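The values are calculated or read from the model by the stated rules, or taken from the named source; none is laboratory data. Predicted model, so just to flag it, every value in this text is computed and none were measured. Here the Cβ positions follow ideal geometry from the backbone for every residue, glycine too, while neighbour counts run over all protein chains shown. In case anyone asks, the SASA skips ligands and DNA or RNA and just uses the protein heavy atoms, side chains included. Shrake-Rupley method; radii C 1.70, N 1.55, O 1.52, S 1.80 Å.
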Amino acid sequence: MTDIIFSELSCKHGCKIGVIELNKPKALNALSLNMIRLMHEKLIMWASDDKIRFIIMQGAGDKAFCAGGDVVSLYHAIKSSTEAKAVLNDYEIINNPSGEFFTLEYKLDLYIHEYTKPILAWGDGYVFGGGLGLFAGATHRITTEKTIMAMPETAIGLYPDVGASWFLNQMPNNLGLFLGITGAFFNTADAKYLGLSDFSIESSKNKTLINELCQVDWTVQNDISDKLDNILRDFESNSCSVMPVSKIQENESIITSLILHSNIDSIYNTIVNASFEDKWLRTAQQKLCSASVLSILITYKQLELSKNFSIAECFEAEKNLSYRCCQYTEFSEGVRAQLVDKDKNPQWAFNKLSDINPELIQWFFTKVTNT
């Protein structure tokens with residue numbers, strides 16, 4: 001079974017719709033290096049094919065669009081390279097096995113942001129991490145009543161990447177910072193409010209929607225985006241009754257008060273020590289308490305540094321930072337605990353933010369020379 005399926009749907013007058021289906025449902029369509037490479041190649045080919053009018057991206061199965069990048073494979077590549085080690089100011093550093101995964105993943109994500117044809121992304125089920133990186137750049141982003149989104153990287157010793165330096169900073173009232181450091185889950189109503197979703201459509205309407213799209217005359221290229229908007233708006237209007245309410249909007253005033261402080265130490269301590277009645281906030285708090293404090297500090301610094309970056313500059317900065325994260329042991333330990341051994345008991349390098357030497361943080365943000 002192939003991990004990614006490409007197909008072309010026929011429409012009127014010889015027009016076609018290109019379809020990309022991530023096809024690893026048992027792994028929640030986790031994105032491998034080979035899938036990234038194949039998707040990029042196909043998108044380049046379709047960009048110059050006049051018959052292909054727009055693209056649909058979706059995930060196989062009923063559980064996920066894409067639950068993230070295949071960090072388990074990356075973990076094994078890192079572990080296999082640890083025979084040779086270097087030491088930086090008493091901090092253990094492991095060799096970077098390869099920058100290929102991040103280089104190609106971010107290149108694909110940026111290409112989707114800049115793609116010359118409309119891309120309709122069907123974000124049903126889990127849309128986490130690398131999946132959100134694919135989803136965020138599409139022109140027509142659909143979420144459903146089953147959508148669960150998150151950037152949960154601080155739980156594995158990483159930081160929100162795949163363009164999150166851009167889209168988290170675009171969210172209103174600095175809500176992206178709260179979501180970035182806690183890894184909190186959010187739904188379709190939240191995604192629309194945050195600017196990460198354009199339409200909320202009932203999950204069961206997927207096949208009906210695609211069938212209707214195949215009946216439309218797409219010959220006039222300038223009308224494609226507007227026609228898609230009108231069709232998706234109609235489907236959305238018939239889906240309102242099954243959609244959840246926004247937990248972020250319900251709790252926005254509380255969240256805003258939590259992140260008002262001008263430094264990460266105060267923000268972290270305020271959230272950790274708060275008493276919440278709301279279950280969603282308590283869950284976000286618990287995620288923060290169990291996350292890597294090193295990752296939290298890195299996330300805060302990256303979001304601060306990238307506030308005025310272009311999307312391309314964000315990806316370039318993330319590429320360098322991700323290489324550094326692969327060189328340091330925190331990321332490997334997080335993946336081991338959460339996804340490999342699954343003991344859910346990561347042995348983080350630091351227990352408190354105050355334990356972290358500023359020189360180490362500076363090292364994460366210094367330029368990698370051999371990438």
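Observations on the model:
- All conditions in (1) at pLDDT 95 or above; (2) of a type in the set (S, T, N, Q); (3) open to solvent by 10 Å² or more (accessible area, probe 1.4 Å) hold for T103, with the sole exception of (1).
- Selection within region 139-152 - touching a Phe, Trp or Tyr at 6+ places or on another chain (Cβ under 9 Å), open to solvent by 10 Å² or more (accessible area, probe 1.4 Å) and not basic (K, R): T139, I148, P152
Let's see how each residue does on (1) exposed (fewer than 15 other Cβ atoms within 10 Å of the Cβ); (2) among the hydroxyl-bearing types (S, T, Y); (3) free of Cβ contacts under 8 Å to residues at least 12 places away in the same chain:
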residue: F276; (1), (2), (3): no, no, no
residue: R282; (1), (2), (3): yes, no, yes
residue: C289; (1), (2), (3): yes, no, no
residue: K307; (1), (2), (3): yes, no, no
residue: L321; (1), (2), (3): no, no, no
residue: Q327; (1), (2), (3): no, no, no
residue: D341; (1), (2), (3): yes, no, yes
residue: K352; (1), (2), (3): yes, no, no
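- Filter result (at pLDDT 95 or above and either loosely packed, with under 15 Cβ neighbours inside 10 Å or polar (S, T, N, Q) (or both)) within region 35-82: E41, I44, M45, A47, S48, D49, D50, Q58
- Of all the criteria given as (1) of a type in the set (V, I, T); (2) within 27 Å of the chain's Cα centre (by Cα); (3) open to solvent by 30 Å² or more (accessible area, probe 1.4 Å), the one not satisfied by T182 is (3).
- Restricted to region 2-65, the set of strands (runs of 3 or more DSSP E) holding at least 3 residues that are closer than 16 Å to L132 by Cα comprises 16-22, 52-59.
- Scanning region 354-371 for residues that are surrounded by 10 or more Cβ atoms within 10 Å (Cβ to Cβ) and either in contact with a strand residue (DSSP E or B) (Cβ under 7 Å, 6 or more places away or on another chain) or in a helix (DSSP H, G or I) (or both) turns up D355, E359, L360, I361, Q362, W363, F364.
- Filter result for I311 (at pLDDT 95 or above, crowded, with 16+ Cβ neighbours inside 10 Å, in contact with a His (Cβ under 6 Å, 6 or more places away or on another chain) and on the phi < 0 side of the Ramachandran plot): yes
- Boolean, K12 is over 15 Å from F102 (Cβ atoms), more than 23 Å from the chain's Cα centre (by Cα) and at pLDDT 95 or above: no
- Against the test of being of a type in the set (G, A, S), part of a helix (DSSP H, G or I) and open to solvent by 40 Å² or more (accessible area, probe 1.4 Å), the options S295, S332, S241 yield a single qualifying residue, S241.
- In a residue-by-residue description of region 155-173, the property of being open to solvent by less than 50 Å² (accessible area, probe 1.4 Å), closer than 21 Å to Y126 by Cα and in contact with a strand residue (DSSP E or B) (Cβ under 6 Å, 6 or more places away or on another chain) applies to no position.
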